[in-house]
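> There's a structure below that I have some questions on.
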Amino acid sequence: MKSDEGAPAVPAAGLGAVWQAPSASAAAAPAHAPGVPLAELRRYLRRSLIERREALAADVCAAASALVVAALRTHFPQLSGLRVGFCWPMRNEIDLRPLLLDWLHAARPGFQALLPVVVGAAQPLAFRAWIPGGTGAAETPLALDRHGIPYPASGDFVVPEALLVPVNAVDAAGYRLGYGGGYFDRTLAAISPRPQAIGIGFDFSRVATVWPQAHDEPLDALVSDAAVFRFNRHAD
């Protein structure tokens, strides 16, 4: 099934594809009660959805990751020839490494798999190439950041053409909640031309609103374990 620009959603694997507010069991965004700071509501929403994801069994996470990988192959084949930034999975996030590894083995001209590097507080992310063992090239040495997340310890910085961005929550306008550091928002605002930004996450992460802030950068699309959603960033 073709994914048309402007269409609300395309099934990722034969599942439902209409954007809907999540069910009550999906840790939906609470109403903005008078007097409750938006920052507190955003923290509540982030924490609730992270806890739900962390409670998933390993086989559930693996199955969801396989659906997301299949959808990316089908609906975003152009990524296999671009410089693509992604994130090492943590806390039961969707694991894209098998897809990036397949694209590395395919060796299509122009493709690079990139991992983010935090170069300083309140600064945009930088990116370095990730080459795992078994690809026929020198393996990228990895170090661990203060959160225990692997990143390339050395190498030239590379400007990504597309970013596969993990989401804890994402709303119908394409705004996301990450972990609160603002790194991806600063990165998207800093790179020109702006990389294509594709959110990656579980379908229960979809909410009515994340109460976006002035500095938040919307996604171009979301790929969940249920569907592919495209957003119109330039709509009035």
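> Just to confirm my filter: which strands (runs of 3 or more DSSP E) fall fully inside segment 192-236 and include at least 2 residues that are more than 22 Å from ALA113 (Cβ to Cβ) and open to solvent by less than 10 Å² (accessible area, probe 1.4 Å)?
It comes to 227-230.
> I'm checking my understanding of the structure. Among residues of segment 156-178 that are in contact with a Leu (Cβ under 8 Å, 6 or more places away or on another chain) and in a loop (DSSP other than H, G, I, E, B), which one is surrounded by the fewest Cβ atoms within 10 Å (Cβ to Cβ)?
Result: VAL158.
> If you scan segment 123-137, which residues turn out to be in a loop (DSSP other than H, G, I, E, B) and either open to solvent by 50 Å² or more (accessible area, probe 1.4 Å) or modelled with pLDDT of 85 or more (or both)?
GLN123, PRO124, LEU125, TRP130, ILE131, PRO132, GLY134, GLY136, ALA137
> Is there any pair with a first residue in segment 195-214 that is within 11 Å of TYR175 (Cα to Cα) and a second that is open to solvent by 20 Å² or more (accessible area, probe 1.4 Å) and among the aromatic types (Phe, Trp, Tyr) whose Cβ atoms are under 6 Å apart and which are 6 or more apart or on different chains, and what are they?
VAL210/TYR175; PRO212/TYR175
> In addition: Filter segment 84-120 down to the residues that are β-branched (Val, Ile, Thr), closer than 17 Å to GLY155 by Cα and surrounded by 15 or more Cβ atoms within 10 Å (Cβ to Cβ), then identify the one that is nearest to the chain's Cα centre (by Cα).
VAL84
> For VAL167, all conditions in the list (1) touching a Ser or Thr at 6+ places or on another chain (Cβ under 8 Å); (2) free of Cβ contacts under 8 Å to residues at least 24 places away in the same chain; (3) under 29 Å from PHE231 (Cα atoms) hold save one; what is the number of the exception?
With respect to (1) touching a Ser or Thr at 6+ places or on another chain (Cβ under 8 Å); (2) free of Cβ contacts under 8 Å to residues at least 24 places away in the same chain; (3) under 29 Å from PHE231 (Cα atoms), VAL167 is out only on (2).
> Also, quick follow-up: What's the number of the only condition in (1) modelled with pLDDT under 95; (2) under 17 Å from ALA221 (Cα atoms); (3) aliphatic (A, V, I, L, M) that ALA28 fails to meet?
(2)
Let's see how each residue does on (1) out of contact with any strand residue (DSSP E or B) (no Cβ under 9 Å at 6 or more places or on another chain); (2) within 23 Å of GLU40 (Cβ to Cβ):
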{"residue": "ALA107", "(1), (2)": "yes, no"}
{"residue": "ALA138", "(1), (2)": "yes, no"}
{"residue": "PRO150", "(1), (2)": "no, no"}
{"residue": "LEU163", "(1), (2)": "no, no"}
{"residue": "GLY199", "(1), (2)": "no, no"}
{"residue": "TRP211", "(1), (2)": "no, yes"}
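> Specify which of the listed residues (LEU104, LEU99, LEU79, LEU72) is modelled with pLDDT under 95 and in a helix (DSSP H, G or I). Explain how you work it out, then say what you get.
On the way: LEU99 fails: modelled with pLDDT under 95; LEU79 fails: modelled with pLDDT under 95; LEU72 fails: modelled with pLDDT under 95.
Answer to the selection: LEU104.
> Quick one: ASP145 ticks every box in (1) under 15 Å from CYS87 (Cα atoms); (2) crowded, with 20+ Cβ neighbours inside 10 Å; (3) of a type in the set (Asp, Glu) bar one, so which box is it?
Against the list (1) under 15 Å from CYS87 (Cα atoms); (2) crowded, with 20+ Cβ neighbours inside 10 Å; (3) of a type in the set (Asp, Glu), ASP145 comes up short only on (2).
The values are calculated or read from the model by the stated rules, or taken from the named source; none is laboratory data. Remember, predicted model here, so these are calculated numbers, not experimental data. For neighbour counting, all protein chains shown are included, and Cβ atoms are generated from backbone atoms with ideal geometry for every residue, glycine included. All accessible areas refer to the heavy atoms of the entire protein, side chains included, with ligands and DNA or RNA removed. Shrake-Rupley method; radii C 1.70, N 1.55, O 1.52, S 1.80 Å.
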